[in-house]
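What follows is a set of notes on a single structure, which appears directly below.
Read-outs: derived from the displayed coordinates by stated rules, not from any lab. Computed from a predicted model, the values in this text were never measured in an experiment. With ideal geometry, Cβ positions are generated from the backbone for all residues, glycine too; neighbour counts draw on all protein chains shown.
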Amino acid sequence: MWLRWQAGSKWVRRAWLPACACLLLAIPASGQDVAVDGLPVAEYANLAGHDLQLNGAGLRTIWGFHIYVAALYLPEKAHSASDILAQDQPRRMQITLLRGVTTEQNLEALKNGLIANNSPAEMAAIDADVEHFLGLLRQLHELSAGTVIRFDYLPGLGTQVRVGERDFGRIPGARFNQAILRIWLGEDPIQVSLKKALLGLARPS
């Protein structure tokens, strides 16, 4: 009986070893970048000494066109939009353009997203900040494919806006950052599938 089990166990090992090897190869190694639409997205980021990890990344599409890749970085992964918006913690929202756009096209999309996901009272509270932000971006006439836009938030300091290699200053307060994040994570997000991807609820494309 024991000899039969030994012989059988050898067969089981021969059958399972290749299968286990395939499973191990299918699991991405920790620390490796992920890819969205072929674009590498770093799994980790450092923001003013704060270690952040990729919470989720996804693709923004319009009528089948691939517009940009968005990535959200947090100190710890979270899958609830309301929890993310409620926590006053360092975070980064990063946009990498896949197509060139004019500044006016970009501003129009941002304004529409803000209005759709923030109440009139919330918009009124940050009206001066929004106008300041839009005024900064109007200094750019066109954004080329490959341009990286970052919204880096630090509690007590506010949101640092960076487009490509250019810093556009810091907008103080948490309310502006929350309003910006709602464009992608709000009740009426710019794209539902992208919201799910940023929350880590869907696999990157």
Give the residue that is surrounded by the fewest Cβ atoms within 10 Å (Cβ to Cβ), with candidates limited to residues of the stretch 134-193 that are of a type in the set (Ser, Thr, Tyr) and within 19 Å of residue 106 (Cα to Cα).
144
When (1) over 20 Å from residue 88 (Cβ atoms); (2) over 19 Å from the mean Cα position of the chain (by Cα) are applied to residue 133, the one that fails is (1)
Conditions (1) outside any helix (DSSP H, G or I); (2) within 23 Å of residue 100 (Cα to Cα); (3) not charged (D, E, K, R): number failed by residue 193
(1)
Do we have residue 122 as more than 29 Å from residue 33 (Cα to Cα), of a type in the set (D, E, K, R) and exposed (fewer than 13 other Cβ atoms within 10 Å of the Cβ) here?
no
Pick from 60, 92, 99: which is buried (at least 17 other Cβ atoms within 10 Å of the Cβ), over 21 Å from residue 160 (Cβ atoms) and among the charged types (D, E, K, R)?
60
Mind listing whichever residues of the stretch 152-187 are of a type in the set (A, V, I, L, M) and either touching a Ser or Thr at 6+ places or on another chain (Cβ under 8 Å) or touching a residue at least 60 places away in the same chain (Cβ under 8 Å) (or both)?
154, 163, 171, 174, 179, 180, 181, 183, 185
